[in-house]
Amino acid sequence: MFQSLGDRLQSVIGGLRGRGRLSEADVKAALREVRVALLEADVNLEVARDFTKRVQEKAVGSEVLTSLQPDQRVIAIVHEELVDTLGGKSVQPVLKSESNVWLLMGLQGAGKTTTAGKLAYRYKGQGRRVLLVAADTQRPAAREQLKVLGDQIGVPVFEVHDGERPAEVAERLRAHLRKDFRDLVIVDTAGRLQVDEALMDELAQLSRLVGPTEKVLVVDAMTGQQSLPVAREFDERVGVTGLIMTKLDGDARGGAALSAKHVTGKPIYFAGMSERIDGLEPFHPDRVAGRILGMGDVLTLIEKAKVLEGGDDERDMRDLGDFTLQDMLTQMRRLKQIGSFGDVLKMIPGAGKLLPAGAEIDEKEIARIEAIISSMTEKERANPRVLDASRRRRIAKGSGTQVQDINRLVKNYEEMRKLMKRMGRRSPGRRGGRPVLG
Ligand SMILES: Nc1nc2c(ncn2[C@@H]2O[C@H](COP(=O)(O)OP(=O)(O)O)[C@@H](O)[C@H]2O)c(=O)[nH]1
Ligand SMILES: [Mg+2]
């Protein structure tokens, strides 16, 4: 996500490094490049303009111009403004102890049905009694898709009938819930290719009749910021409480996410990060900004690892600074199960840079790293500084690799450890505590 925007911003800011004191003209020139990068990432014009204006005001009015390391200050300001542009504080949908009804709406193909399944999976995992409602009265195939998802995750699916009126749907649903109580009802609705009157009427009626506690608009990040203006129509006719942005994996340039708050005025609750049932993450503007700027997203990484272990991994939280090679291997083994290694690596601070340009590190690479680390003694794993030339030769031999491979691994590890330490010190999540639902 945001790969090329991140690269561009990092290189513009990196260009300020080691230049000593900056003039106002230097800052302006850098910000012009930032603005071009934002526009190329499909960020809304006004958002891009405001963004650079605010960064410039802060930069010129602060110690940036007198600082000997102005890039550090600039990156902090850009980070702050990115967080703000992405919506500021993370917002999650309201979830009461019972009687929650969430209505999912959006254009066809936005990812409503997939997202309904992901949400059901997520909250079932948190002990909720979930019901999925397949409310597309036009297309049996759309209902079947949700049925398959429900079966897969063990969540019941309530189906509407072909052509059933919203009033009947609401009535049957109410009767159904009286017999089989559910505390979270997720309604997947029909989409059209474009907003049309019939769709809006049906949605508005359904919404009035079932009384949703959250009205969530699902938007496709791949479509770019042009996926956003429909939010106004949905908001006027049905009301929108928040957004879920899908397909933020892949080539999404980021324009939709960075423009969403400005264009729709609504918070992004979740981001869809893959087609898989577990590919949904709470949207944390600060973490996303960190990822864009290559500071990585250690907190999301740790949460994923925790989910996988099913345990509480306090140690990881506390001791990021003591990150050892052994930790690196443990993380990698766990994370291999979570998703593509390339995706995972991008969440580690600075690690995105370790990826060869345009290429993802593949499973073979991780197997090689595993082999190398497995050939080390406990002591070497805990403290790679003891690795002299003869130890490196021994490890290379033992793992069937070359000495250069060992050198590269140690170098990468050192870099990662340094960044982890830095990130661990300033990660905002430590002050903020855990998100309500995350
Ligand atoms: N890569 C990726 N694909 C997604 C994501 N969410 C949905 N999709 C895909 O988008 C397509 C349309 O999704 P669907 O849920 O049927 O959209 P709907 O018409 O709004 O119900 C499907 O191929 C999904 O697998 C996501 O977060 N990432
Ligand atoms: Mg659908």
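The values are calculated or read from the model by the stated rules, or taken from the named source; none is laboratory data. Please read all numbers here as calculations on a predicted model, not as lab measurements. Heads up, the Cβs are rebuilt from the backbone with ideal geometry, glycines too, and the neighbour counts pull from every protein chain shown.
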Report task. Consider only pairs whose beta carbons are under 8 Å apart and that are at least six residues apart or on different chains; among these, list those whose first residue lies in segment 198-226 and is hydroxyl-bearing (Ser, Thr, Tyr) and whose second residue is assigned to a helix (DSSP H, G or I). Result -> Thr223/Ala256
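When the residues of segment 97-131 are filtered to those that are of a type in the set (S, T, N, Q) and surrounded by fewer than 20 Cβ atoms within 10 Å (Cβ to Cβ), which remaining residue is nearest to ligand 1 (Cβ to nearest atom)?
So the first thing to find is which residues in segment 97-131 are of a type in the set (S, T, N, Q), and the list is 97, 99-100, 108, 113-115, 126.
Subsequent filtering for residues that are surrounded by fewer than 20 Cβ atoms within 10 Å (Cβ to Cβ) retains 97, 99, 108, 126.
On the way: Ser97: 29, Ser99: 25, Gln108: 5, Gln126: 20 Å.
The extreme case among them is Gln108.
For (1) over 19 Å from Gly254 (Cβ atoms); (2) in a loop (DSSP other than H, G, I, E, B); (3) within 29 Å of the chain's Cα centre (by Cα), each residue gets a yes or a no:
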position	(1), (2), (3)
Ile13	no, no, yes
Gly18	yes, yes, no
Val27	yes, no, no
Arg35	no, no, yes
Val43	no, yes, yes
Report task. Within segment 147-156, count every residue that is small (Gly, Ala, Ser) and either within 11 Å of ligand 1 (Cβ to nearest atom) or surrounded by fewer than 22 Cβ atoms within 10 Å (Cβ to Cβ) (or both). Result -> 1
Report summary line: Expected output for segment 253-275 (first residue farther than 14 Å from Ala289 by Cα, partner part of a strand (DSSP E or B) and polar (S, T, N, Q), Cβ below 6 Å, 6+ apart or cross-chain) is Gly272/Thr246
**Report entry** Complete set of residues in segment 197-224 that are exposed (fewer than 13 other Cβ atoms within 10 Å of the Cβ) and within 24 Å of Glu98 (Cβ to Cβ)
**Finding:** Gly211
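Can you find a residue in segment 61-76 that is in contact (Cβ under 8 Å) with a residue 12 or more places away in the chain, surrounded by 18 or more Cβ atoms within 10 Å (Cβ to Cβ) and on the phi > 0 side of the Ramachandran plot? Walk me through it before giving the result.
Applying the first criterion (in contact (Cβ under 8 Å) with a residue 12 or more places away in the chain) to segment 61-76 yields 62, 64-71, 73-75.
If we keep only those that are surrounded by 18 or more Cβ atoms within 10 Å (Cβ to Cβ) as well, we get 64, 70-71, 73-75.
Still in the list and also on the phi > 0 side of the Ramachandran plot: none.
Looking through segment 61-76, none of the residues is in contact (Cβ under 8 Å) with a residue 12 or more places away in the chain, surrounded by 18 or more Cβ atoms within 10 Å (Cβ to Cβ) and on the phi > 0 side of the Ramachandran plot.
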Query raised in the report: Among the listed residues Gly191, Gly87, Gly127, Gly163, which satisfies the condition of being assigned to a loop (DSSP other than H, G, I, E, B), touching a strand residue (DSSP E or B) at 6+ places or on another chain (Cβ under 9 Å) and on the phi > 0 side of the Ramachandran plot?
Result: Gly87
Requested in this report: Would you please name the residue that is farthest from ligand 2 (Cβ to nearest atom), looking only at residues in segment 104-140 that are over 12 Å from Ala190 (Cβ atoms) and touching a Lys or Arg at 6+ places or on another chain (Cβ under 8 Å)?
Outcome: Arg129
Query - Candidates Glu236, Glu159, Glu144, filtered to the one that is surrounded by fewer than 23 Cβ atoms within 10 Å (Cβ to Cβ) and either touching a residue at least 60 places away in the same chain (Cβ under 8 Å) or more than 16 Å from ligand 1 (Cβ to nearest atom) (or both) - result: Glu236
Query raised in the report: Does Ala134 qualify as being within 16 Å of ligand 1 (Cβ to nearest atom) and farther than 18 Å from Val238 by Cα?
Result: yes
Requested in this report: Take Ile244 and decide whether it is among the β-branched types (Val, Ile, Thr), on the phi < 0 side of the Ramachandran plot, within 16 Å of ligand 2 (Cβ to nearest atom) and surrounded by fewer than 17 Cβ atoms within 10 Å (Cβ to Cβ).
Outcome: no
Report task. Could you list all residues from segment 162-196 that are surrounded by fewer than 21 Cβ atoms within 10 Å (Cβ to Cβ), within 15 Å of ligand 1 (Cβ to nearest atom) and among the hydrophobic types (A, V, I, L, M, F, W, C)? Result -> Leu193, Val195
**Report entry** Where a residue in segment 371-383 is modelled with pLDDT of 85 or more and its partner, wherever it lies, is outside any loop (DSSP other than H, G, I, E, B) and of a type in the set (Ser, Thr, Tyr), with Cβ under 9 Å and at least six apart
**Finding:** Ala371/Ser399; Ile372/Ser399; Ile373/Ser399; Ser374/Ser399; Ser375/Ser399; Met376/Ser399
Query raised in the report: Lys28 versus (1) basic (Lys, Arg); (2) at pLDDT 95 or above; (3) away from ligand 1 (no atom under 16 Å from the Cβ): which is the lone unmet condition?
Result: (2)
